[in-house]
Structure formats: structure tokens, C-alpha cells
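The values are calculated or read from the model by the stated rules, or taken from the named source; none is laboratory data. Nothing here was measured: the structure is a model prediction, and the numbers come from that model. Heads up, the Cβs are rebuilt from the backbone with ideal geometry, glycines too, and the neighbour counts pull from every protein chain shown. Each accessible area value is taken on the protein alone, full model and side chains, heavy atoms only, with ligands, DNA and RNA left out. Shrake-Rupley method; radii C 1.70, N 1.55, O 1.52, S 1.80 Å.
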Amino acid sequence: MSGFELNGLQLGVSTASVQIEGGDRNNNWYDWAQQSGRIADGSVPQNTGDHWNRWREDTELLASTGVQHYRMSLEWSRIEPSQGVLDESAVLRYRNELSALLAHGIRPLVTLHHFSHPSWFENMGAFEHPDGVLIFLRYVRLVVTELGDLVSDWITINEPNVYVTGGYFAGLFPPGKQSLAHVVKIFNRLATAHILAYELIHELQPHAVVGVAQHLRPFQPALYWSPWHHGLSWFVEYMFQDAITEAMCTGRFKLPMRRPRAIRPGRYYDVIGINYYSRSTVVHLDNATAANVPVTDIGWEIYPQGLVDVARWAHARYDAPIWITENGVCDNTDRYRSRFIHEHLQAVVASGLPIERYYHWCFVDNWEWDSGETPRFGLVHLDHETHDRTMKQSGRFYAEIIANGGVTEELYRRYVAGQVYPRNDR
Ligand code: BGC
């Protein structure tokens, strides 16, 4: 059977400020991109899709797909350009966008920290600074006070594990450090920041729904018969996602993390947020891909069952409704994105898990951090010169799934049947 019904699963799309807005020169990623060799294709975030000015057009286009949900982040450096200074025009700009979404019946889910923050915060050490958490909490208070009448679904921190491994282990994200001591320290600080933000948001807005967007992936040993690979897989999984997820959700800090005195064990989530892209095959302390498997244009394994595996793991531990806060694919020419969407949604629906929402990453092609603007994840094509937007075939498919409440056999034949994934066969 190729068709399926959504059975109440609600669809949306997911984005992040620096990746789509353009223009801003006051954040850590702008500074990072000015350093030569940091961004694979040499592109800079201030040239991305200009959503800061074209948000009306984008919101109209979004509404035309029929999505019910939109996940976006706010650019802290726009709202608080210098420490303690509020830019009211930036707040108003976000208020206008949020109001337009609501007017179209699209529910916003707002991320408070998605990899980017102001240069002044970065320059003082960000979460390395002893007051980093406190400064973040002041910003959270400001945002919830200013926008809480328009938003009540919040993600405190996006992918703490990717932020930490990118910035403090691999050195590919700002601040470009490679130090295990920093990894543990920043994990502690982010878990603390999330827990205190969770409490603060609920104090300001008792009905809020708050969670973290955790990047989760299955890990498999490269060689099934190798005890070394098994041990390594366990270790990488524990360090990358197990300990940090546990600390953020429950306030229990497993070694090598350490619970700060201000934190008590508890339940610090209303929803389980999962970002899912791929599976890792473990050979060393890094992220490898198995041979002879379907892969995306940037070599990530396409493995829909993994989405269900990580959701089942998280649900067994934390027992709460699940939102897939990101899932998407780098398919530069939109040759197989519809198949990817079909297979992942079908797996979600068949899982029997309480998955309420699915946010596809992303809407308009964006700026992919250290990889620059070359990888295309969007349902909508962006012309980098003219900034023209064109709905892709996969975007039309997504809209038709929403309109039909699922994938009919006819939709499957029209959009999916002819699509084939690339493979990395050797
Ligand atoms: C991040 C996004 C990113 C996506 C695809 C996730 O790790 O949250 O910001 O664009 O992966 O690379």
C-alpha cells in the first residue's frame, strides 16, 4: 500500500532566523562567516533569502500550502542589539509576522536559541561566561513579555548537542574550539539554561507548551562483530544525545555532567521535540555513513525507520506527546524529496506513537551554517541572485497531502512513484 491517511497528524514547516532573514551583521554567525575558510562555499548569511523584508510574501506562500504550524526562531541580536538595549522596531517586525501567521490560521512555534546570538554575547564567551545563563534568561523574559500574547508554544534551545559538538568539539561552528572540557561545561550550562527557562516561561505564561528540539539519531556499529565498535557506538550515543537529553528533561545530570546546586530533579518538558535527519554508523569518534545505502546530496543516510526508532526511545523514557520539530533532506534538484517526505510521514503515521505534529525542514531554501547556501533543503526554490521564490514539486506534494488528509494512490503515482534515491554503493 502506497497511500496512507494522516490520522490527525498536523503538518508544518520549520526555519531559523539567521538561515533565512539576511541583513543582520550583529551575530556570531555573521562574524564567523567573515573569517576565511569557515564556510564551505564562501557564502555569508546576510545574503540569504531576505525573509526579514519579504516575510509578507513568504507568509502568503506558506498559507497557500495549507500548513497548520510554523516553527521559527527570533534573532536575539536584532531584539537586543547591545546588552540591555531593546530594539522596539525589531520586536514590532516580529509581532507583525506572528500576527500575519495567526491571521492565516498558522500556529507559531518559537525557538529562543537556534545556534545564533548577538556578537556582544559571543564576545563575552556566551554560555562559557559565568553569567551566560542569566543573560539568556533575561532575554527569554523579555521575549515572553513582549510576544507572549501571540505565542505560547516555545522551544528553548535548538539541538544543544549539535551546537556543542559543532562549536566546542569539531570546531566547525563558532567559537571554533576543540576541547572536551568545554563540551561538558557547555552541556551543563545549556541544560541549566533550558530548565530555568522552562520554569520562567511557565511562571510568565502558565498555559505555555515548552520543550527542547533535540537532535536524535540511531547509532549503529560499523562492524557488527566488533566489540570495539559496539562500545564506541554506545559511548558516542551516550555523550551526544543520551546524557544531555536526560539532563534537560529531568534535571538528572549523568556523568560527566554535573548538576548545579540551583537545579532539582523534576519534569522540564511539556512535549518531546525531535529533529531527525539520519543514522550514524560508528567507526571513530565521528559521524560516518554506512556503505551501499540511500544517501542525500550531502551524503547523509536516508533511513525513515530511524525517525520511529528515536521517537520510540524518547517516548519510552519521557512519555509525552511528540512533535517532530525538524525533518528534511538536502536534495539540490528536488529529484527525490517527495519520496523522502512520503516515507517519513508514512513511518510516523504507522508508528502508533503519539506524534502530534511534523515540521518539515525547511520552507524556502536557506543558509546551511558552515556548509553555506549550496545545500538546498527547501520546499520552495530560492534564486540567490534575484531572491525569487518558486514552489518546488515537493512543495506542491506537501500541500496536496495536507489538502487530502494523507497520500492517495493517485498522489503517490504522480509525485513519488518515479523518484529514486541516490546511493553510495561501492
Ligand atoms: C539544524 C538546522 C539545519 C538542519 C539541516 C539541523 O541540525 O537545526 O538549523 O539547517 O539541521 O542541516
Original post:
Using alpha-carbon positions, what is the distance between the centroids of the stretch 93-141 and the stretch 350-397, in Å?
Top reply: 22
**OP:** Compute the longest continuous run of the chain that contains no exposed chymotrypsin sites (Phe, Trp or Tyr not before Pro); treat a site as exposed when its DSSP state is not H, G, I, E or B and it has at most 16 other Cβ atoms within 10 Å.
**Re:** 1-223
Subject >> Rounded if a/c under 1.5, otherwise prolate or oblate - the stretch 197-280, Cα gyration tensor axes >> reply: oblate
**OP:** Positive end of the charge dipole of the chain (Lys, Arg +1 and Asp, Glu -1 on Cβ, about the Cα centre): tell me which of Gly148, Gly273, Tyr358 has its Cα farthest that way.
**Re:** Gly273
**OP:** Mind jotting down the distance between the C-alpha centroids of the stretch 42-73 and the stretch 264-289, whole Å?
**Re:** 27
**OP:** Order Val184, Val143, most accessible first, counting only protein heavy atoms with a 1.4 angstrom probe.
**Re:** Val184, Val143
**OP:** Select from Pro130, Ile201, Gly418 the residue farthest towards the positive end of the dipole of the chain; place +1 on Cβ of Lys and Arg, -1 on Cβ of Asp and Glu, and compute about the Cα centre.
**Re:** Pro130
Original post:
Among Thr289, Asn27, Gln83, whose Cα lies farthest out toward the positive end of the dipole of the chain, if unit charges sit on the beta carbon of Lys, Arg (+1) and Asp, Glu (-1)?
Top reply: Thr289
Subject >> Cα gyration tensor, the stretch 317-395 - rounded (a/c under 1.5), prolate or oblate >> reply: prolate
Original post:
With charges only on Cβ, +1 for K and R and -1 for D and E, what is the dipole size of the chain about its Cα centre, in debye, rounded to 20?
Top reply: 1120
**OP:** Measure off, as a whole percent, the carbon and sulfur share of the 1.4 Å-probe accessible area of the stretch 4-418, all protein chains present.
**Re:** 52
Original post:
What GluC sites (Glu not before Pro) in the stretch 313-401 are in a loop by DSSP, with at most 13 other Cβ atoms within 10 Å of the Cβ?
Top reply: Glu385
Original post:
Using the Cα gyration tensor of the stretch 4-418, with a ≥ b ≥ c the square roots of its eigenvalues, what is the shape: rounded (a/c below 1.5), prolate (a/b larger than b/c) or oblate (neither)?
Top reply: rounded
